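Contents: one structure, followed by commentary.
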Amino acid sequence: MSASLPIKPATSAFLDRAPTMLIGADWTGAADGALMDLRNPATGAVLCQVPSAGAADVDRAVRAARQAFDDSPWSRMRPRERQNLLWKLADLMERDADLLAELECLNNGKSAAVARVMDVQLGIDFLRYMAGWATKIEGASVEVSMPLMPNDDFHGFIRREAVGVVGAIVAWNFPLLLACWKLGPALATGCSVVLKPADETPLSALKLAELVLEAGYPAGVFNVVTGTGVNAGAALTHHPLVDKLTFTGSTAVGKEIGKAAMDHMTRVTLELGGKSPTIVMADADLASAAAGAAQAIFFNQGQVCCAGSRLYVQRKHFDNVVADIAGIANGMKLGNGLDPSVDMGPLISARQQQRVYNYIELGREKGATVACGGEQFGPGYFVKPTVLVDVDQQSPVVQEEIFGPVLVAMPFDDIDEVVRLANDSPYGLGASIWSNDLGAVHRMIPRIKSGSVWVNCHSALDPALPFGGYKLSGVGREMGAAAIEHYTELKSVLIRL
Ligand code: NAD
């Protein structure tokens, strides 16, 4: 494995600068000087150090955001100017796209080539989509009845106003894209933001912060605090001057954040875990379904909230489809994401590698057969793409989110059975149906309990389509008009004429 592949001079220069946090207009370390190591998951080696923020740093950042929202050129900016700034930011991301992709690769382990066309490009497209919303935020004019004042005239209207200071906390699997999902609607609506990237992957967010300043956003509109969840994340969650929390991460932490938000009635949206089913009907184009199912689970090393991690195949084709997926898995080249010929990179950390491998072992103990993969190796945090068969629907490997390249596969006989199995999960983020029977597909869609249903594709996201979860997969939606609703408050106004 090539652990020392060359990186671009701009990427080296960024790392050599020893990236610091952006609070207001200041690039700064933590008040107490604390630092934390970042590792390259492909090698396990330390990549660089970043500040490890504490409550005092978070407080400074929230106050900078408060000031920017309450009283600054930002608070007086017209929608057209907000639109143009977002567009400018997207242009700067496009200019520095290769650097951003390489940072994602070094910090997360994912393929730099894939990060360029997926993570970075989707982030750019999303910001441009949200730029369009800045000029389309509308209230309503209402004809009121006011029965207690029948002789008076009134003008009633509803304003949609920016929610205020947004505390954004994100996971490590798509560091830049998740940051853009928070930043886009916040900046379109006129909010200010304090972002706490994941402990493991703050680098692309720090580069994004540089671009935000270069685009011309006033100081304090976007602040980035790097640090751990228990210190920086918790301090942001509990801060009384935050108006809205938006979180992407595990269901366990999401529950804590949701409960803490209620102390101050902070608005909150939660994008959480998943265990999404891929359903292959007997009439499907089976070759395309097998390729799609493999992509659904193995993309991004399986570290995708809506990964198709449970596969249900109509019984007569079960063995063939599983064999095809195992063939695809066995043909995948694992290695350093800087190498463009690599199909799968490492997992994010030694801890995640061990967690995923423990699930494979647990599956074996519960009677599962390993159809392919089932091994881990280093240096770096690699787990081979794995398919488990002979699994029971109630087994932990079927019910719990593994968040790695591990697929559990089960046969089914009819539609009623597969709908019941698909819904037999505490999660409800996504589901895909592979079939050409339009009638059957349309009858299944309303019965599937998940925030997204894809037909003949999986994890296919568009900025215009709301994304979020039923059940333990979350509260609220990102993207589309729904995102704008979550970053705004309604104010009813009644004028007695
Ligand atoms: P995590 O919950 O451990 O961490 C997510 C973020 O929360 C990190 O920034 C972390 O520092 C912070 N955090 C941790 N403890 C905290 C606390 N007590 N208070 C405040 N913040 C805290 O999740 P992870 O392991 O980084 O990410 C994987 C999870 O994210 C998976 O469950 C995955 O499904 C989910 N995810 C969901 C979506 C979605 O859109 N639904 C997208 C990506 C990832």
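The values are calculated or read from the model by the stated rules, or taken from the named source; none is laboratory data. None of the values given here were measured: they were computed from a predicted structure. Note: ideal-geometry Cβ built from the backbone for every residue, glycine included; neighbour counts use all protein chains shown.
The requirement of being surrounded by fewer than 21 Cβ atoms within 10 Å (Cβ to Cβ), within 16 Å of the ligand (Cβ to nearest atom) and at pLDDT 95 or above is fulfilled nowhere in the range 374-389; no residue meets it. Scanning the range 210-243 for residues that are more than 16 Å from the ligand (Cβ to nearest atom) and aliphatic (A, V, I, L, M) yields LEU211, VAL212, LEU213, ALA215, ALA219, VAL221, LEU241.
Inspection of the range 456-473 finds a residue satisfying the criterion of being buried (at least 18 other Cβ atoms within 10 Å of the Cβ) and within 24 Å of ALA371 (Cβ to Cβ).
Being in contact with a Phe, Trp or Tyr (Cβ under 8 Å, 6 or more places away or on another chain) and either of a type in the set (Gly, Ala, Ser) or modelled with pLDDT of 95 or more (or both) is the requirement here; does ALA287 meet it? Spelling it out, it is not the case that ALA287 is in contact with a Phe, Trp or Tyr (Cβ under 8 Å, 6 or more places away or on another chain) and either of a type in the set (Gly, Ala, Ser) or modelled with pLDDT of 95 or more (or both).
For (1) within 12 Å of the ligand (Cβ to nearest atom); (2) over 20 Å from LEU176 (Cα atoms); (3) in contact with a Phe, Trp or Tyr (Cβ under 6 Å, 6 or more places away or on another chain), each residue gets a yes or a no:
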| residue | (1), (2), (3) |
| --- | --- |
| LEU208 | no, no, no |
| LEU245 | yes, no, no |
| SER250 | yes, no, no |
| LYS255 | yes, yes, no |
| ARG267 | no, yes, no |
| VAL304 | yes, no, no |
| GLY308 | no, yes, no |
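Restricting attention to the range 269-302, the residues that are assigned to a strand (DSSP E or B) and either within 22 Å of the chain's Cα centre (by Cα) or within 15 Å of the ligand (Cβ to nearest atom) (or both) add up to 6. Here GLN352 meets each of (1) without any contact (Cβ under 8 Å) to a residue 60 or more places away in the chain; (2) assigned to a helix (DSSP H, G or I); (3) closer than 18 Å to ALA291 by Cβ with one exception, condition (3).
For LYS244, state whether it is surrounded by fewer than 22 Cβ atoms within 10 Å (Cβ to Cβ), basic (Lys, Arg) and out of contact with any helix residue (DSSP H, G or I) (no Cβ under 7 Å at 6 or more places or on another chain). So LYS244 does not fit the description; no.
The condition of being in a loop (DSSP other than H, G, I, E, B) and either touching a helix residue (DSSP H, G or I) at 6+ places or on another chain (Cβ under 8 Å) or without any contact (Cβ under 8 Å) to a residue 60 or more places away in the chain (or both) holds for only one of GLU200, GLU214, that being GLU200. Entry remark, the range 346-355: residues being more than 12 Å from the ligand (Cβ to nearest atom) and buried (at least 17 other Cβ atoms within 10 Å of the Cβ) number 2 in total.
Count of the range 220-241 residues, restricted to those that are in a loop (DSSP other than H, G, I, E, B) and either touching a Leu at 6+ places or on another chain (Cβ under 8 Å) or crowded, with 19+ Cβ neighbours inside 10 Å (or both), is 6.
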